[in-house]
1. Quick check: at a probe of 1.4 Å, how many percent of the accessible area of the chain sits on carbon and sulfur atoms?
2. Once the chain is represented by equal point scatterers at the alpha-carbon sites, with solvent omitted, what log10 I(q)/I(0) does the Debye formula produce at q = 0.18 Å⁻¹?
3. Each label point is 7 Å from the Cα along the Cα-to-Cβ direction; what then is the distance between the points at His37 and Arg22, in nm?
4. Keeping all protein chains in place, calculate the accessible area per residue for the chain (probe 1.4 angstrom), answer in Å².
Amino acid sequence: MSARGNAIRSTSFLPPSVLGDRGAAFDADRAATLLPHGNGAVFAETVSFAYDLARKPA
């Protein structure tokens with residue numbers, strides 16, 4: 001998969017240390033699972049974040 005496809009490996013929830021010596025197997029499985037459905041397209045995900053901002057009264 002492309003460098004963009006490997007972005008998941010740089011996230012805080014799936015750094016290389018989590019996969020250890022199984023990283024290559026993970027990448028191969030991910031590619032085998034996703035590539036047949038992508039037709040060479042980029043898989044996109046829309047992510048949104050929300051937060052509550054509060055201040056303690058003086």
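1. Values: 3140 of 5370 Å².
Percent of accessible area from carbon and sulfur atoms in the chain: 58.
2. Log10 I(q)/I(0), no solvent term: -0.75.
3. Distance between label points: 2.1 nm.
4. Value returned for the chain: 93 Å² of accessible area per residue.
The values are calculated or read from the model by the stated rules, or taken from the named source; none is laboratory data. Because the structure is a prediction, the values reported are computed rather than measured. Cβ coordinates were reconstructed from backbone atoms using ideal geometry, including for glycine residues, and neighbour counts include every protein chain displayed. Note: accessible area is taken over every heavy atom of the protein model, side chains too, but ligands, DNA and RNA are not part of it. Shrake-Rupley method; radii C 1.70, N 1.55, O 1.52, S 1.80 Å.
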